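K.L.:
Before I ask anything, here is the structure I am working with.
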Amino acid sequence: MSLPEKFAAGVLIEKLPDSWSDYKNNLKHKQKNFTIEEIVTHILIEDSNRKESAKARMTTLKANLVQSSNNNRKRYENKSQGCKPKNPNLKRKKGSCFVCEKPGHHASQCKYRAGNDKGKT
């Protein structure tokens, strides 16, 4: 049992996915009656066009995408340790205050220094 070609072409048009609804309506409203071969070639061309436009949309979306890299992290990885003295065995001299000549503090911390209001009674 064979089906008429117009009917088979209409069935092929109806079996297209829902995302192709605009293309289905376009084919239905054309005045020309298509054969099965013509419908298949139309569908293949439309499918390839949709795939190319999808690729073009993906490349335009990626055009402004900024990707972060780990190169900057590697560059500053060891610098967070702070300044280290070149000679760790070098010790600071411990002496007395230049203002009151008492040990245990420096002149900037001295309570007897003029202009230092903390500790004056």
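K.L.:
Which of the residues belonging to the range 19-48 are charged (D, E, K, R) and within 12 Å of Ala9 (Cα to Cα)?
P.N.:
Lys24, Lys28, Lys32, Glu37, Glu38
K.L.:
While we're on this one: Within the range 1-76, considering only helices (runs of 4 or more DSSP H) that don't extend past its boundaries, which have at least 3 residues that are in contact with a helix residue (DSSP H, G or I) (Cβ under 7 Å, 6 or more places away or on another chain) and at pLDDT below 85?
P.N.:
Correct list: 5-14.
The values are calculated or read from the model by the stated rules, or taken from the named source; none is laboratory data. Everything quoted here is computed from the prediction, not taken from an experiment. We place every Cβ from the backbone using ideal geometry, glycine too, and count neighbours over all the protein chains shown.
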